[in-house]
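Here is the structure we will look at.
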Amino acid sequence: MTGSGQQGTAKQPLRGLTIVVTRAAGAGATRFAKTLRAMGAEAIEFATIAIAPPDDYTPLDAAIAQLDSFDWVIFTSVNGVDAFMARLTAGGREPGALRRARLGAIGPVTAGRLQDYGLEAEAMPAEYRAEAIIDAIGEARIRGARFLIPRAAIAREALPRLLAEKGAAEVRVIPAYRTIPGAAPQTESQRRKLAAADLVTFTSSSTVENFCTLVGALEPGRKAAVIGPITAETARAHGFEVVAMPADYTIAALTEAIRAWALSTGAK
């Protein structure tokens, strides 16, 4: 390869690749897609999930009314933070009302969203698994404590179960929002393009499952870049080959993992 060719590859390592971004529609997904395009990819934004209000706000409103009684509030996603804060402020309270409790966050992005509201996570696991926050909190601080977990209406049960097993006095899991499937491809040509993409990015198990439902049958071995081992397990179970999974569970790290994969394999 000539010097100019090497320089071009370094500047646009994803040139010639079609990459699908499956995050929920919003500024975060658009920034991710723009970054991939700047690196040379054709990035297709295809929101496989959408965020909707819970079916009933009554449990969330009751928990907010009793907020001062909880020792810990654990947030498992950015969506959980935003949904909780929206309902809190709709009821006339400020985010500072959460300062009476200790806060936990699953992952640095969720912790960063709390910072956007002027709040600090006291416990954040190094590993992007809900169970890992048990070690971050410490068993001594779990025993006898009351926990509130505002999260998606349907989610894994490992964290509440483990908190109860470690002696929590109460673990109240409240639906703060719902994730629903995004819209299916509008045309058959769009569906075929999504199915034939060089790489699909997934940030949660629900993005994997909804992609497969919305796009339909896929050839085994389609390549995926994922955040987190649980998402990787789901992708593999659906026939994907996981070629990029960063150690840090952030979009920036995922972007770097994709770049490294493309350069190391000559994926173009």
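The values are calculated or read from the model by the stated rules, or taken from the named source; none is laboratory data. In this text, all values refer to a predicted model and were calculated from it rather than measured experimentally. All Cβ positions, even for glycine, are placed from backbone atoms using ideal geometry, and neighbour counts span all protein chains on display.
Things to note:
- Checked against the criterion of being under 29 Å from VAL200 (Cα atoms), touching a strand residue (DSSP E or B) at 6+ places or on another chain (Cβ under 8 Å), in the same structural domain as ILE154 (by TED's automatic domain parsing) and not in a helix (DSSP H, G or I), the stretch 56-73 contains not a single residue that satisfies it.
- Looking only at the stretch 188-210, and only at residues there that are over 19 Å from ILE251 (Cβ atoms) and touching a Phe, Trp or Tyr at 6+ places or on another chain (Cβ under 9 Å), the one that is surrounded by the fewest Cβ atoms within 10 Å (Cβ to Cβ): GLN190
- A search for C-beta distances below 7 Å between a residue of the stretch 180-194 that is among the aliphatic types (A, V, I, L, M) and any residue that is in a helix (DSSP H, G or I), counting only pairs 6+ apart in sequence or on different chains, returns ALA184/LEU214; LEU194/VAL215.
- Any chance ASP82 is part of a helix (DSSP H, G or I), within 21 Å of PHE202 (Cβ to Cβ), outside the structural domain of CYS212 (by TED's automatic domain parsing) and of a type outside the set (Gly, Ala, Ser): yes
- Qualifying positions in the stretch 211-233 - in a loop (DSSP other than H, G, I, E, B) and closer than 14 Å to ASP248 by Cα: ILE227, GLY228
- Residue in the stretch 120-135 that is in a helix (DSSP H, G or I), closer than 26 Å to ALA232 by Cα and touching a Gly at 6+ places or on another chain (Cβ under 7 Å) present: yes
- Any hit, the stretch 108-115, residues being closer than 22 Å to THR179 by Cβ and in contact (Cβ under 8 Å) with a residue 40 or more places away in the chain: yes
- Contacts under 6 angstrom Cβ, first residue in the stretch 238-249 being over 16 Å from GLY221 (Cα atoms), partner loosely packed, with under 14 Cβ neighbours inside 10 Å and basic (Lys, Arg), 6 or more apart: none
Here's the yes/no breakdown for (1) more than 21 Å from the chain's Cα centre (by Cα); (2) part of a strand (DSSP E or B):
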{"position": "ARG99", "(1), (2)": "yes, no"}
{"position": "LEU114", "(1), (2)": "no, no"}
{"position": "ARG141", "(1), (2)": "yes, no"}
{"position": "ILE149", "(1), (2)": "no, yes"}
{"position": "ALA164", "(1), (2)": "yes, no"}
{"position": "ARG172", "(1), (2)": "yes, yes"}
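- Residues in the stretch 222-242 that are surrounded by fewer than 19 Cβ atoms within 10 Å (Cβ to Cβ) and aliphatic (A, V, I, L, M): ILE230, ALA237, VAL242.
- When GLY96 is tested against (1) surrounded by fewer than 17 Cβ atoms within 10 Å (Cβ to Cβ); (2) within 14 Å of TYR117 (Cβ to Cβ); (3) touching a strand residue (DSSP E or B) at 6+ places or on another chain (Cβ under 9 Å), exactly one condition is not met: (3).
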